[in-house]
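The values are calculated or read from the model by the stated rules, or taken from the named source; none is laboratory data. Computed from a predicted model, the values in this text were never measured in an experiment. Don't worry about glycine lacking a Cβ; one is built from the backbone with ideal geometry, like all the others, and counts go over all protein chains shown. Accessible surface areas use protein heavy atoms only, side chains included; no ligands, DNA or RNA. Shrake-Rupley method; radii C 1.70, N 1.55, O 1.52, S 1.80 Å.
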Amino acid sequence: GHIYQNQADYPKALEQYLKSLKIKEEIGDKFGIAQSINNIACIHALRGNYPKALEQYFISLKIEEELGDKKGSSNTLTNIGSMYGGMGDYVKALEQDFKALKINEEIGDKEGIAFSSNNIGMANLELKKFREADKYLNKALSLSKQTGNKNEIKVSYLSLTELDSATGDYKQAFQNYKLFVVYRDSLLNEENIKKTVQLQMQYD
């Protein structure tokens with residue numbers, strides 16, 4: 001399912017995820033059921049069917065909450081927030097993102113806190129609440145640096161670029177964009193090295 005999804009063959013991906021869901025239901029694997037439903041929701045989201053994706057995410061969330069799966073709940077809440085954002089309802093998106101942030105803070109997941117903070121910052125940016133956006137985007141950047149997550153650092157600099165552009169601080173926007181490019185290129189180089197090593201191993 002994941003391979004088909006990465007190849008953007010969504011009908012085949014959905015077919016595999018539904019097969020997986022059926023097996024997990026047969027064996028009573030509730031964690032697995034929630035995971036499969038999340039995967040199915042993701043396909044609907046990638047196809048632009050946000051209402052259908054939301055319906056599936058809420059089913060998954062209910063199972064995760066019943067199981068006490070806080071990390072799973074946090075991830076699903078984040079996905080729900082993204083769906084509302086995609087539909088242009090940033091108030092509801094913020095509501096879900098704050099719930100996800102609270103859980104991530106409870107379990108001490110710094111990467112999760114950074115991710116939620118960035119989402120909150122971007123939702124506030126869309127609502128033109130620039131002070132709140134700045135607060136959460138910089139929080140996300142600081143935590144991402146602490147954890148050394150280059151991808152999240154890259155995302156934070158791009159988010160800050162958008163904020164600075166929206167507030168007319170083009171000089172700072174340019175500085176943040178340059179830092180975004182540095183981290184983007186660094187990640188691309190790492191990926192290219194991995195591919196080269198894989199090719200060499202296959203050759204050997």
Checklist outcome for this item: Filtering the range 115-141 for residues that are part of a helix (DSSP H, G or I) and open to solvent by 60 Å² or more (accessible area, probe 1.4 Å) leaves a count of 9
Checklist entry - Hey, any hits in the range 162-181 for a residue that's modelled with pLDDT under 90, among the hydroxyl-bearing types (S, T, Y) and open to solvent by 60 Å² or more (accessible area, probe 1.4 Å)? => result no
Next on the checklist: Going residue by residue through the range 165-179, is there one that turns out to be of a type in the set (S, T, N, Q) and closer than 21 Å to G88 by Cα?
Outcome noted: yes
Item to check | Those helices (runs of 4 or more DSSP H) lying entirely in the range 1-109 with at least 1 residues surrounded by fewer than 19 Cβ atoms within 10 Å (Cβ to Cβ) and among the charged types (D, E, K, R) | outcome: 10-27, 30-46, 50-67, 70-86, 90-107
Checklist entry - How do the pairs read when you match residues in the range 29-50 that are free of Cβ contacts under 8 Å to residues at least 24 places away in the same chain with residues anywhere that are surrounded by fewer than 21 Cβ atoms within 10 Å (Cβ to Cβ) and in a helix (DSSP H, G or I), using Cβ under 6 Å and keeping only pairs 6 or more apart or on different chains? => result G32/K24; S36/S20; S36/L21; S36/K24; H44/K52
